[in-house]
Amino acid sequence: MDATILMPLSLDEAVDALARDPRALPVAGGTDLMPRVNAELVRPSALVGLAKVADLRRWGYEDGFAMLGAGLTWARLADADLAALVPALAAAANEVGTAQVRAMGTLGGNILASGRPADSLPVLAALEATVSCRSPGGVREVAPHLLEPRSGPIAEQLLRPGELITGVRVPLLRGVQEFVKAPVGAGRYLTLALVAGPVVGDVRCAVGGAHPGPVRAFEAERWLAGRMDARSGRLSDARDAADFGRLVADEVRPEAEQRAARAHLRHVVAVCARRAVQRAFGG
Amino acid sequence: MSGPGFGDALGGDATPTTSYVLRVNGEARLIENAWIGENLLYVLRERLGLPGAKDGCGQGVCGTCTVQLDGVAVAACLIAAATLGDREIRTIEDLDNDPETADVQRALIEAGAVQCGFCVPGVVTSVCALLARVAEPSEVEIRRALDGHPCRCAGPHPMVDAVRIAARRRVPRQTHSTMMFNVIAPPTSGGAE
Ligand SMILES: Cc1cc2nc3c(=O)[nH]c(=O)nc-3n(C[C@H](O)[C@H](O)[C@H](O)COP(=O)(O)OP(=O)(O)OC[C@H]3O[C@@H](n4cnc5c(N)ncnc54)[C@H](O)[C@@H]3O)c2cc1C
Ligand code: FES
Ligand code: FES
């Protein structure tokens, strides 16, 4: 009989298990997979349980980067130590689902979630973090902000069949990090991450929930960077936040079937961006 | 029912099954020839005869299926039972033996949080997990711990009041020195890992 449940004890074993049976589905927290299994939308032929792979739950430093294991739960990411390292990810963690989902749902499972847009992705895109994808052949680093956010599910662009996400590599930044999330009806959310680096002029902004993947607003970022005072890093004008919001909305152009819905989403993106700038720069 | 005991219903000639041991309420229970996609809620209710956790939605949104996993409140319907390994599950049936649980239940009744009762086993399970971790949770901590329990009858506020009542009864009156201690070393918050 084929093995239908595999419980690897190490990363190597997990990667081998997936390589041997590429149809086997990894299960981390199960909070994205199980609603689909319960609704009979997915019928796995084999499962690779990741609960015993301790390496997936580790985190550490590596010259200027934080390495966060794919198995860290939202609850863990919100703890004070990790919140001090990557504040925007902790802010996102604090707003995820319910306590029960935060206790089980993981970073790696979120990056690949197909049930709803992943709240971690705009944060990772704004931080220009990379995702480590491992197969028996070695490790590939993929940067979510360099993918094609408008062209389809991010999981398919990110991971090749048989690969395992082992963690993410997040640059440690000294500046401010903001995360804003807004419900827009029918269980849909828009999210926005804003990172303003320690160097004046280093601003990055990514929007989630508007398209299949996180969309960076590169032009709006450059505009805002140009509005920062070269010495103090403060913005030139109190109206900059609102103007930035409109620029982000114009650039991101959220997707919706109806025109009125698109206009509403655009407005929400603008408000999220304005709020993020007001929180980051004051005013 | 969202419980996936539908081997045949899915034309299950090639239904992948497995046998495994689950640690439930302090005992090792053998689950034999079960479909690999069965969620923990289904296994508890239909295979182990533990109906305390309720099947409200099967989608992780209602909180009625809440059980404790290594002491942390989780939604049993979101867990693939066969991948749990040796993690410890505790259900309301076993929590009911603790005197602390009776305090929580009494506080919920006093606060008016028990009406139709469908959400209550889940709420009690979450409150017990919270109070075991933080003796005197702040309002924010209480609301966050209970944000997965939408109560259609009484709303969120009575259950928050109930946690305060239960916590106050449980914690002995603080002396000056223990208060100082709390200021120096605040209780850590956090989750599963
Ligand atoms: C009620 C509810 C509310 C939610 N709210 C939010 C929310 O606010 N924001 C949000 O972003 N998400 C939300 N989610 C979705 C989900 O809970 C999260 O995305 C969660 O982080 C998924 O992680 P998991 O470990 O549970 O994933 P799983 O379900 O275990 O896995 C998800 C997918 O990724 C694959 N996978 C998991 N780990 C790996 C790995 N290391 N390598 C390769 N493949 C892997 C699995 O095979 C599966 O296909 C919610 C879900 C529910 C049920
Ligand atoms: S049955 Fe509703 S959350 Fe599990
Ligand atoms: S008492 Fe009826 S749902 Fe809570």
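The values are calculated or read from the model by the stated rules, or taken from the named source; none is laboratory data. Since the structure is predicted, the reported quantities are computational estimates derived from the model, not experimental observations. With ideal geometry, Cβ positions are generated from the backbone for all residues, glycine too; neighbour counts draw on all protein chains shown.
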Residues that are within 13 Å of ligand 1 (Cβ to nearest atom) and either touching a residue at least 24 places away in the same chain (Cβ under 8 Å) or among the basic types (K, R) (or both), drawn from region B:75-103: B:A75, B:A76, B:C77, B:L78, B:I79, B:A80, B:L84
Strands (runs of 3 or more DSSP E) contained entirely in region A:1-85, each with at least 3 residues that are more than 20 Å from B:P16 (Cβ to Cβ): A:59-62, A:65-69
Selected residue [buried (at least 16 other Cβ atoms within 10 Å of the Cβ) and either within 16 Å of ligand 2 (Cβ to nearest atom) or in the same structural domain as B:Y42 (by TED's automatic domain parsing) (or both)] from B:G71, B:G117, B:G122, B:G85: B:G122
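Residue-by-condition table, conditions (1) out of contact with any Ser or Thr (no Cβ under 9 Å at 6 or more places or on another chain); (2) within 27 Å of A:R222 (Cα to Cα); (3) not polar (S, T, N, Q):
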residue	(1), (2), (3)
A:C133	no, no, yes
A:V142	no, yes, yes
A:P149	yes, yes, yes
A:E156	yes, no, yes
A:R160	no, no, yes
A:I165	no, no, yes
Test: residue in region A:50-60 that is within 12 Å of chain B (Cβ to nearest Cβ) and more than 20 Å from A:S132 (Cβ to Cβ): no
Test result for B:R90, under 28 Å from A:D32 (Cβ atoms), among the charged types (D, E, K, R) and at pLDDT 95 or above: yes
Number of the condition not met by B:E93 [criteria: (1) farther than 19 Å from B:V160 by Cα; (2) within 16 Å of ligand 2 (Cβ to nearest atom); (3) assigned to a helix (DSSP H, G or I)]: (2)
Residue selected from region B:32-85 under the condition assigned to a helix (DSSP H, G or I) and either charged (D, E, K, R) or within 16 Å of ligand 3 (Cβ to nearest atom) (or both), by the criterion nearest to B:R133 (Cα to Cα): B:R45
Complete set of residues in region A:112-134 that are buried (at least 23 other Cβ atoms within 10 Å of the Cβ) and polar (S, T, N, Q): A:S120
First in region B:41-58 and in the same structural domain as B:I79 (by TED's automatic domain parsing) and at positive phi, second anywhere and away from ligand 3 (no atom under 16 Å from the Cβ) and small (G, A, S), Cβ under 8 Å, 6 or more apart: B:G58/A:A39; B:G58/B:S2; B:G58/B:G3
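Restricting to region B:108-129, give me the number of residues that are part of a loop (DSSP other than H, G, I, E, B) and either under 12 Å from B:G56 (Cβ atoms) or within 10 Å of ligand 3 (Cβ to nearest atom) (or both). I'd like the intermediate steps shown before the answer.
To start, the set of residues in region B:108-129 that are part of a loop (DSSP other than H, G, I, E, B) comprises B:111-119.
Still in the running and either under 12 Å from B:G56 (Cβ atoms) or within 10 Å of ligand 3 (Cβ to nearest atom) (or both): B:112-119.
Adding up the residues that qualify gives 8.
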Within region B:130-193, helices (runs of 4 or more DSSP H) holding 3 or more residues that are within 14 Å of chain A (Cβ to nearest Cβ) and at pLDDT 95 or above: B:139-145, B:156-170
Looking only at region A:87-117, and only at residues there that are of a type outside the set (A, V, I, L, M) and part of a helix (DSSP H, G or I), the one that is farthest from ligand 2 (Cβ to nearest atom): A:P87
Residue count for region A:63-95, restricted to those that are facing chain B (nearest Cβ under 10 Å), among the hydrophobic types (A, V, I, L, M, F, W, C) and within 20 Å of A:G187 (Cα to Cα): 2
Test: residue in region A:175-182 that is surrounded by fewer than 18 Cβ atoms within 10 Å (Cβ to Cβ) and farther than 22 Å from A:E95 by Cα: no
Residue in region B:21-39 that is surrounded by fewer than 16 Cβ atoms within 10 Å (Cβ to Cβ) and either β-branched (V, I, T) or facing chain A (nearest Cβ under 9 Å) (or both) present: yes
